[in-house]
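Step one of this worksheet: look at the structure below.
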Amino acid sequence: MTALDGVFRREWGPAVAALARWSGDLSVAEDAVQEACAQALRVWQAEGVPANPGAWLTTVARNRALDRLRRESARPGKELAAVYEQVNTSDTAPELHPVRDDELRMMFTCAHPALDRSSQLALTLRLISGLTVPEIARALLQSDSAIGQRITRAKNKIRKANIPLRVPPPELLGERTPHVLGCIYSVFTEGYWSTGGPSAIRDELCDEGVRLARELCALMPGNRDAHALAALVLLHDSRRRTRVDEGGALIPLDEQDRSQWDRGRIARGLEHLRSAEGALGSHLPQAVIAALHATAPSWQHTDWATICVAYDRLVAMTDSPVAAANRALAVGFRDGFAAGLAALDAVADDPRLARTNTVAPIRADLLRRAGRFDEAQRWYRVALDGSGSEPAAAFLRRRLAECATS
């Protein structure tokens, strides 16, 4: 089941996006792909995964969607036949719009200004990435019920307002690009720092995030923020294979084998970073931080002063308490761990952090590095209580044991 789950997650977005474009209905597309996955679970376990699982799912989903359209339609026969003919021939019509990738199409579609920003993001992550409601809730720091309601309302609004499932004209792409950037990074982040489940990394989401970032740069080569995003995901992704050991246990950055980092991805990330110079979005300072880590010859030679400057800019731009908490760790390496703890105290009570497990592991790490092992143990236990993935929990237990014997 684990192997099939990876296939379903990888193929979910392309299938839903293709079916939505074909049928013109988000709910029909999502339900049809869900039914196709259920059928695949039965068939593939008995017969094996087909050579092209995406095509298999899309074909089955299309048939299910057409069955539903037939059942639900109350049109007279001739008119219904015309609808079927239009739907069945829609894929063969020439595509003149510059957005060629179905998933990017869907992202731009979900960025319709009639939807509020949070609903846009939640809907896109559900439809394109196949993230579950709890996964989206963790990513957006909201409750499961709030995210479920947002997704439902967004679908209803699209249906009732008859919002067309199409990409806006080229001159309007720019105003929807920030939404698409945020969605792509959320997809990559859930893969790179999985918030739940048995694996620390979900390769299919990392690969999808990198691919979509590149597609966006190809679509909008002059967009500096798109290049900043591509730089960020490539620089992070260059370290992916060194982040866990053979048993799947997490390896922190200061213990990773830098000789195994993907130098090709680092080089391409740095190229995108140069193209991003002057970008106004928050991905640029994050990419600068990632570049400083990727190019440091060793952990001891990391340029913490410049990293702190980049964090200062990021916090000023976003007012993100998560960014401020991570900045505290960088301050600890620049100015001493007592200074880092003071910086963390300044943000720790922000109510926006209540749904995250951000403060406890950072505080525990700073205390451990400061040699305050008894206090560190207490905070590692707090971090364990809020841990979502098993590899993260195992890493925290390892640190807790180290403090107990120090």
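The values are calculated or read from the model by the stated rules, or taken from the named source; none is laboratory data. What you are looking at is a predicted structure, and each value in this text was computed from that prediction instead of being measured. Glycine also receives a Cβ, built like all others from the backbone with ideal geometry; neighbour counts cover every protein chain displayed. Side chains included, ligands, DNA and RNA excluded: accessible areas come from the protein's heavy atoms. Shrake-Rupley method; radii C 1.70, N 1.55, O 1.52, S 1.80 Å.
Among the conditions (1) of a type outside the set (Lys, Arg); (2) open to solvent by 30 Å² or more (accessible area, probe 1.4 Å); (3) closer than 20 Å to Ala323 by Cα; (4) assigned to a helix (DSSP H, G or I), Leu280 misses just one, which is (4).
Give the residues of the stretch 346-361 that are more than 24 Å from Ser199 (Cβ to Cβ), open to solvent by less than 40 Å² (accessible area, probe 1.4 Å) and part of a helix (DSSP H, G or I), sorted by residue number.
Those that are more than 24 Å from Ser199 (Cβ to Cβ), open to solvent by less than 40 Å² (accessible area, probe 1.4 Å) and part of a helix (DSSP H, G or I): Leu353, Val359.
Among the numbered conditions (1) out of contact with any Ser or Thr (no Cβ under 8 Å at 6 or more places or on another chain); (2) aliphatic (A, V, I, L, M); (3) closer than 19 Å to Ala316 by Cβ; (4) part of a helix (DSSP H, G or I), the only one that Val288 does not meet is (1). Return only the number of the condition from (1) at pLDDT 95 or above; (2) open to solvent by 40 Å² or more (accessible area, probe 1.4 Å); (3) more than 28 Å from Arg372 (Cα to Cα); (4) not assigned by the TED database to the domain that holds Leu396 that Ala231 does not satisfy. Only one criterion is unmet by Ala231, namely (2). Residues being closer than 19 Å to Gln286 by Cβ and either of a type outside the set (Gly, Ala, Ser) or modelled with pLDDT of 80 or more (or both) are represented in the stretch 139-162 by at least one member.
Here's a check for you: in the stretch 132-150, which residue that is out of contact with any Asp or Glu (no Cβ under 6 Å at 6 or more places or on another chain) and open to solvent by less than 10 Å² (accessible area, probe 1.4 Å) is nearest to Tyr185 (Cα to Cα)? For the stretch 132-150, the residue satisfying everything is Ile136. A single entry from Arg368, Arg381, Arg372 fulfils the requirement of being among the basic types (Lys, Arg) and within 28 Å of the chain's Cα centre (by Cα): Arg381. One residue alone among Ala324, Ala343, Ala364 is in contact with a Phe, Trp or Tyr (Cβ under 7 Å, 6 or more places away or on another chain) and buried (at least 18 other Cβ atoms within 10 Å of the Cβ), and that residue is Ala364.
Within the set Ala370, Ala376, the sole residue that is under 16 Å from Ala330 (Cβ atoms) and either in the same structural domain as Gly340 (by the TED database) or not acidic (Asp, Glu) (or both) turns out to be Ala370. Reported count of residues in the stretch 179-226, each being closer than 16 Å to Glu390 by Cα and of a type outside the set (Phe, Trp, Tyr), is 11. So which residues in the stretch 379-406 are surrounded by 15 or more Cβ atoms within 10 Å (Cβ to Cβ) and over 23 Å from Arg202 (Cα atoms), if there are any at all? Across the stretch 379-406, the qualifying residues are Trp379, Tyr380, Val382, Arg399, Leu400, Cys403. Checking the stated criteria, Arg150 turns out not to satisfy the condition of being under 16 Å from Leu26 (Cβ atoms) and over 20 Å from the mean Cα position of the chain (by Cα).
Tally the residues that are open to solvent by 20 Å² or more (accessible area, probe 1.4 Å), more than 11 Å from the chain's Cα centre (by Cα) and of a type outside the set (D, E, K, R), restricting the search to the stretch 175-195. Give the steps one after another, and end with the answer.
Narrowing the stretch 175-195 to residues open to solvent by 20 Å² or more (accessible area, probe 1.4 Å): 175-176, 178, 182, 185-186, 189, 193, 195.
Add one more test, that the residue is more than 11 Å from the chain's Cα centre (by Cα), and what stays is 175-176, 178.
Checking which are of a type outside the set (D, E, K, R) leaves us with 178.
The total comes to 1.
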